[in-house]
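The values are calculated or read from the model by the stated rules, or taken from the named source; none is laboratory data. Since this is a predicted model, take the numbers as computed values, not measurements. Positions of Cβ are backbone-derived with ideal geometry, glycine not excepted, and every protein chain shown enters the neighbour counts. Side chains included, ligands, DNA and RNA excluded: accessible areas come from the protein's heavy atoms. Shrake-Rupley method; radii C 1.70, N 1.55, O 1.52, S 1.80 Å.
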Amino acid sequence: MHSPVNPPGVASPASHYNHAFYIEPGAAWMTLSGQLGERQDGSCPESVVKQSELAWRNIIAILAAKNFSMRHIVKVTSYIVGAENIDNYVDVHKKVVGDHKPPWSLVVVPALGRPHYRVEVDVTASKAMNTDDRSGC
């Protein structure tokens, strides 16, 4: 359904990602807003690792609501408060995405929407549609 694109003449990916995924025509798409390490009650753990794990759990739950999975993710953008938190986030990211390695941008920011937020992750996902998924014109 989608295939990695890492052409010769371009530097190899610097971390745990592919440069691009080619998406086949006729695919279903899902775009998520940035997900935080926030619990259903609005509280957040203090650690970057726990916030990162929770953000990814939220992403997985949202994807599953429309029968998407981690394997359908075609783009990730991660926002991390403070360069000192990069390694902690990257460790979680690698565990979650495994060998799938979607294209990924990592942005270090001075702050997110509230003072206790340390991590925000947004994703785009795409999957092949079967005939039952296609609506008529």
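Here are the numbers for the structure shown:
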{"quantity": "So SER126, is it of a type in the set (Gly, Ala, Ser) and crowded, with 16+ Cβ neighbours inside 10 Å", "calculated": "yes"}
{"quantity": "Residues within segment 100-123 that are basic (Lys, Arg) and on the phi < 0 side of the Ramachandran plot, tallied", "calculated": "2"}
{"quantity": "Boolean, VAL49 is β-branched (Val, Ile, Thr), part of a strand (DSSP E or B) and surrounded by 12 or more Cβ atoms within 10 Å (Cβ to Cβ)", "calculated": "no"}
{"quantity": "Residue within segment 96-108 that is open to solvent by 70 Å² or more (accessible area, probe 1.4 Å), assigned to a loop (DSSP other than H, G, I, E, B), of a type outside the set (Val, Ile, Thr) and farther than 21 Å from ILE62 by Cβ present", "calculated": "yes"}
{"quantity": "Count - residues of segment 8-22 that are of a type in the set (A, V, I, L, M), surrounded by 10 or more Cβ atoms within 10 Å (Cβ to Cβ) and either touching a His at 6+ places or on another chain (Cβ under 8 Å) or part of a loop (DSSP other than H, G, I, E, B) (or both)", "calculated": "1"}
{"quantity": "Of residues in segment 68-89 being closer than 15 Å to HIS16 by Cβ, more than 12 Å from the chain's Cα centre (by Cα) and hydrophobic (A, V, I, L, M, F, W, C), the one most open to solvent (accessible area, probe 1.4 Å)", "calculated": "ILE86"}
